[in-house]
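The values are calculated or read from the model by the stated rules, or taken from the named source; none is laboratory data. Just so we're clear, the structure is a prediction, and the values are computed from it rather than from any experiment. With ideal geometry, Cβ positions are generated from the backbone for all residues, glycine too; neighbour counts draw on all protein chains shown. The area values use the complete protein model at the heavy-atom level, side chains included, leaving out ligands, DNA and RNA. Shrake-Rupley method; radii C 1.70, N 1.55, O 1.52, S 1.80 Å.
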Amino acid sequence: NQELQGRVAELTAVHEVGLALSTTLDVEELLATSLNAVVGHLNFERAMVLLADEGRGVLVYAHSAGSTEAEVAIASTLAIPLDDGSSPLVQIFRASEPVMFDDLTEHPDESRRAVARALGVTQLLGTPLVTKGRRIGVLGVDNGRSRRRIPESAAPLLFTVGNLVAAAIENARLYTEIEEHNRALEERVAERTRELQAAYEAQADAER
């Protein structure tokens with residue numbers, strides 16, 4: 001029964017994530033709904049997404065579920081260079097599958113140990129967000145409060161959820177770009193219309 005209940009919870013989470021991603025093109029809304037589903041149905045205490053800022057070449061905080069305001073404030077200050085191969089989050093970003101870190105408080109870099117302690121992260125499971133061959137961020141989950149271990153069996157499901165989230169983010173971004181392009185086009189058409197109208201009126205005045 002426990003195994004069946006766990007499977008039902010997994011399917012429910014995937015369904016809710018898929019539903020959320022199909023009903024909105026707002027990145028903030030889709031991240032909030034999908035991460036709440038991950039925390040609510042997959043038995044993780046926290047979930048967080050960081051996205052790549054390609055212009056700056058860094059990973060930055062995007063959204064989380066299950067985090068306190070203080071934890072969000074700390075995460076919001078993160079700007080992790082994408083060429084920093086020693087960073088666990090960059091290692092996840094560069095990976096082709098989910099990656100598990102068993103104890104980040106033992107990381108050789110003190111600054112990373114300090115961040116892990118501040119966020120209360122010990123064991124971390126993360127998956128790269130990849131869509132159409134393009135890496136756009138990472139999705140990480142943990143049980144830092146209870147220190148309950150994350151089973152290895154959680155990795156494939158998180159990978160599936162990560163792929164859904166990545167595709168939805170890309171679609172939302174493309175939609176936003178199209179909308180901005182359309183607005184710019186409409187403004188140019190309106191401006192050209194005004195110019196033609198002004199020229200027509202000037203010619204009419206001259207003929208009178």
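Report the gain in length on full extension from ARG194 to SER153: 0.36 nm times residue separation, minus Cα-Cα distance, nm rounded to one decimal.
Once the chain is fully extended between ARG194 and SER153, it gains 8.5 nm.
Spin-label model, ASP53 to ALA32: label points 7 Å out along the Cα-to-beta-carbon direction sit 2.2 nm apart.
Which percent of the accessible area of the range 1-145 is formed by carbon and sulfur heavy atoms (probe 1.4 angstrom)?
Answer for the range 1-145: carbon and sulfur cover 52 percent of the accessible area.
Taken over the C-alpha atoms, the range 128-174 has Rg and Dmax values of 12.7, 39 angstrom. Simple spin-label estimate for MET100 and GLU207 gives 8.2 nm between the two label positions (7 Å along the Cα-to-Cβ direction from each Cα). Solvent exposure of the range 13-152, expressed per residue, is 47 Å² of accessible area, with all protein chains present and a 1.4 angstrom probe. Structural descriptor for the range 83-161: relative contact order 28 percent, calculated from alpha carbon pairs under 8 angstrom and at least 6 residues apart.
Relative contact order for the range 1-90: what is it in percent, counting Cα pairs under 8 Å that are at least 6 residues apart?
20 percent
Each label was represented as a point 7 Å from its Cα along the Cα-to-Cβ direction; for ARG173 and LEU19 these points are 2.8 nm apart.
Matching the structure-derived Rg and Dmax of the Cα atoms in Å against the labelled list [x] 23.2, 79; [y] 22.8, 91; [z] 21.9, 66 gives the label [y].
Please name whichever of ILE178, LEU119, GLY133 sits farthest to the positive end of the charge dipole of the range 57-208, dipole taken about the Cα centre and charges placed at Cβ: Lys and Arg +1, Asp and Glu -1. Highest projection toward the positive end goes to LEU119.
Karplus-based coupling profile of the range 86-93, in residue order and whole Hz: 7, 6, x, 5, 5, 4, 5, 4, with θ = phi - 60° in 6.51 cos²θ - 1.76 cosθ + 1.60 and x standing for Gly or Pro. Computed from phi, the 3J(HN,Hα) profile of the range 31-43 under the Karplus parametrisation 6.51, -1.76, 1.60 (θ = phi - 60°) reads 5, 4, 5, 5, 5, 5, 5, 4, 6, x, 10, 9, 6 Hz, with x in place of Gly and Pro.
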